[in-house]
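Here the structure comes first, spelled out in structure tokens, and everything after it is commentary.
Laboratory data are not the source of any read-out in this text; all were calculated from the coordinates shown. Nothing here was measured: the structure is a model prediction, and the numbers come from that model. Don't worry about glycine lacking a Cβ; one is built from the backbone with ideal geometry, like all the others, and counts go over all protein chains shown.
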Amino acid sequence: MIPAGFDYHAPRSVGDAIQLLGTLGSDAKLLAGGHSLLPMMKLRFAQPTHLIDLNRIDALRGIREDGATIVIGAMTVENELIHSPLLREKVPLLPEAARQIGDPQVRNRGTIGGDIAHGDPGNDHPALAIALDAVLVLEGPRGSRQVKADGFFKGPYMTDMAEDEILVEIRVPAFAPKTGYAYEKLKRKTGDWATAAAAVVLRLDGGNVSHIRIALTNVAPMALRASDAEATLLGKALTDATIADAAAKAMAICDPAEDLRGDRDYKTAMAGQMVKRAIAKAAVRCQ
Ligand SMILES: Cc1cc2nc3c(=O)[nH]c(=O)nc-3n(C[C@H](O)[C@H](O)[C@H](O)COP(=O)(O)OP(=O)(O)OC[C@H]3O[C@@H](n4cnc5c(N)ncnc54)[C@H](O)[C@@H]3O)c2cc1C
């Protein structure tokens, strides 16, 4: 289907984009990679009368180091995450997980900022950002503010971001030495969204868990942090029993929608399996 007509704007700076957003109001939408927005426009689920294209704003692209933080521009595409030597060294969970997103076309155009801003519970970056304890930098007419990814996702396609704000940066703490990590994603076929997925970041001290973050994709109206599962493991050794307990706690917060990927029980069970696999893989990488 062909989208409804719209006016096209191509600002060269974040300031100009914010000004346009303010002037054009709720009839305007930001365009990043277009891999979520354009399908919605073609189906007429979204009918913005103005598109503000962020692709010509160079300041929104790139990956850099700021002390112990890795700063990723919102318009950085998945392929850039995959091939970034800095991320591979400092936050290897991101390149590994980005490989599992969509297909080559999606990874060439789709941006990390668009993936997060869209608030789609099926998207992978929300849970990854929660597991990585990422901070999102938002700019708008009232200035700049920083919000934690944990708490940013409010419901399906709903986030803490105002209509006149732009996500400009994703700030991720670099991994401490011997940080284990994994993103386990069950999908029906290449290019599909997750049936269920789990992101884990883990550190051990003297054989006991000293740091653990667990976040879940596509098993609730938004990405979830599995806090009870984390609390179950903190300070304990990883055994079949403690891992099974954590998986059960993660399953208890799942509230998936039934669809072609499976019914609620199946998706919940798969979330538990993904948590178990991700913890086991992360534990091997802590050594
Ligand atoms: C076939 C297919 C398979 C896919 N599979 C996956 C998958 O497995 N995992 C996955 O995570 N995703 C998947 N996607 C979605 C893809 O990753 C999208 O690229 C992503 O959801 C949105 O990023 P985008 O840059 O394309 O944003 P766009 O589609 O351009 O924008 C999406 C929304 O975010 C807003 N937005 C974009 N950038 C900003 C910003 N900087 N600040 C504020 N608002 C902004 C836009 O206004 C729009 O509302 C798939 C898409 C397709 C078509």
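Structural remarks
- Under 14 Å, Cβ to Cβ, from SER13 - net charge with Lys/Arg +1 and Asp/Glu -1: -1
- Share of Cα-Cα pairs in region 1-114 lying beyond 25 Å, as whole percent: 30 percent
- Between the helical axis of 240-252 and the longest alpha-carbon principal axis of the chain there is an angle of about 40 degrees.
- Using every pair of separate Cα atoms, the Kirkwood estimate puts the hydrodynamic radius of region 211-287 at 12.6 angstrom.
- Crossing angle, helix 264-285 versus the chain [Cα axis fit, 0-90 degrees, rounded to tens]: 70 degrees
- Gain on full stretching of the segment that runs from ASP133 to ARG145 - 0.36 nm per residue minus C-alpha separation: 2.7 nm
- Shape box of region 7-52 [Cα atoms, principal axes, largest first, Å]: 30, 19, 13
- FRET efficiency, ARG56 to LEU260 (Cβ-Cβ, R0 51 Å, nearest 0.05): 0.85
- In Hz, Karplus ³J(HN,Hα) per residue of region 96-109 (6.51, -1.76, 1.60; θ = phi - 60°; x = Gly, Pro): 5, 6, 4, 4, 8, 8, x, 10, x, 5, 5, 6, 6, 10
- Close amide H pairs (under 5 Å, H built 1.01 Å from N) link ALA46 with MET41, residues at least 5 positions away or on another chain.
- Summing charges over all other residues whose Cβ lies under 13 Å from the Cβ of ILE72, with Lys and Arg as +1 and Asp and Glu as -1, gives -2.
- In region 55-123, the ratio of gyration radius to Kirkwood radius, Rg to Rh, stands at 0.95 when only Cα atoms are counted.
- Table column - 3J(HN,Hα) (Hz), region 31-40, Karplus curve with 6.51, -1.76, 1.60, x for Gly and Pro: 10, 10, x, x, 7, 10, 5, 5, x, 5
- For the chain, share of DSSP beta bridges that run antiparallel, in % to the nearest 5: 85 percent
- Note on ASP7/VAL284: beta-carbon distance plugged into 1/(1 + (r/R0)^6) with R0 of 30 Å gives a FRET efficiency of 0.05.
- Straight-distance crosslink candidates among lysines, where the alpha carbon sits under 29 Å from LYS249 and sequence neighbours closer than 8 are dropped: LYS148, LYS154, LYS178, LYS185, LYS187, LYS189, LYS236, LYS267, LYS276, LYS281
- For region 63-173, the C-alpha radius of gyration sits at 0.99 times the compact-globule guess of 2.2 N^0.38 Å, with N the residue count.
- Per DSSP, loop trypsin sites (Lys or Arg not before Pro) in region 105-151 with at most 11 further Cβ within 10 Å: ARG142
- Tail weight of P(r) past 32 Å, computed on alpha-carbon pairs of the chain, percent: 24 percent
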